[in-house]
Amino acid sequence: MTDLTKKKCVPCEGGVIPFDISEIHKYQKKVDGWEVIKNNNDIFFLSKKFNFKNFLDSQSFINHVGKISEDEGHHPDISFGWGYAEIKITTHAIEGLSENDFILAAKIDQLINA
């Protein structure tokens with residue numbers, strides 16, 4: 001599998017089958033510390049909490065995540081506050097996970113690992 005950070009998210013308008021659990025686990029090995037969660041509607045998503053030393057660091061991180069998300073055309077759910085940020089990613093159009101979700105997760109991880 002190619003390095004996910006070198007790939008670009010592909011626009012998804014639906015009509016694509018979401019990854020099954022086997023494919024999810026295969027891709028999960030390529031991202032660092034992202035948890036796979038199933039919500040009440042049986043939709044899988046990636047979730048990760050990031051910790052920071054203060055509010056400004058959290059906000060700066062989220063601003064960078066926003067820039068990456070716009071560049072990729074793939075937008076996560078984000079919550080943040082003093083010393084933390086939590087990001088949840090799924091492909092809403094297919095109600096599940098696709099390669100795009102893992103590409104975005106890998107690119108977000110690059111911010112922390114840079």
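Points to keep in mind about this one:
- Computed Kirkwood radius, in angstrom, where 1/r is averaged over Cα pairs of region 19-113: 13.5 Å
- Of the DSSP H helices in the chain, those whose Cα atoms cover at least 15 Å axially and whose Kyte score averages -0.5 or more: 55-72, 99-113
- Top of Phe55, Phe45, Phe102 by mean-square fluctuation, Gaussian network on the chain, Cα under 10 Å: Phe55
- Given Lys6/Lys29; Lys8/Lys53; Lys8/Lys67, the pairs whose alpha carbons are separated by over 22 Å: Lys8/Lys53
- Structure-based [θ]222 nm, the chain - -39500 (n - 2.57) summed over DSSP H runs of at least 4, per residue, nearest 500: -11500 deg cm²/dmol
- Relative packing of 92-99, 4-11, which averages over residues the other C-beta atoms within 10 Å, highest first: 92-99, 4-11
A short reminder: the numbers here are calculations on the coordinates, not readings from a lab. Keep in mind that what you see is a predicted model, and the values were worked out from it rather than measured. Reconstructed Cβ throughout: ideal geometry from the backbone, glycine too, with neighbour counts over all protein chains shown.
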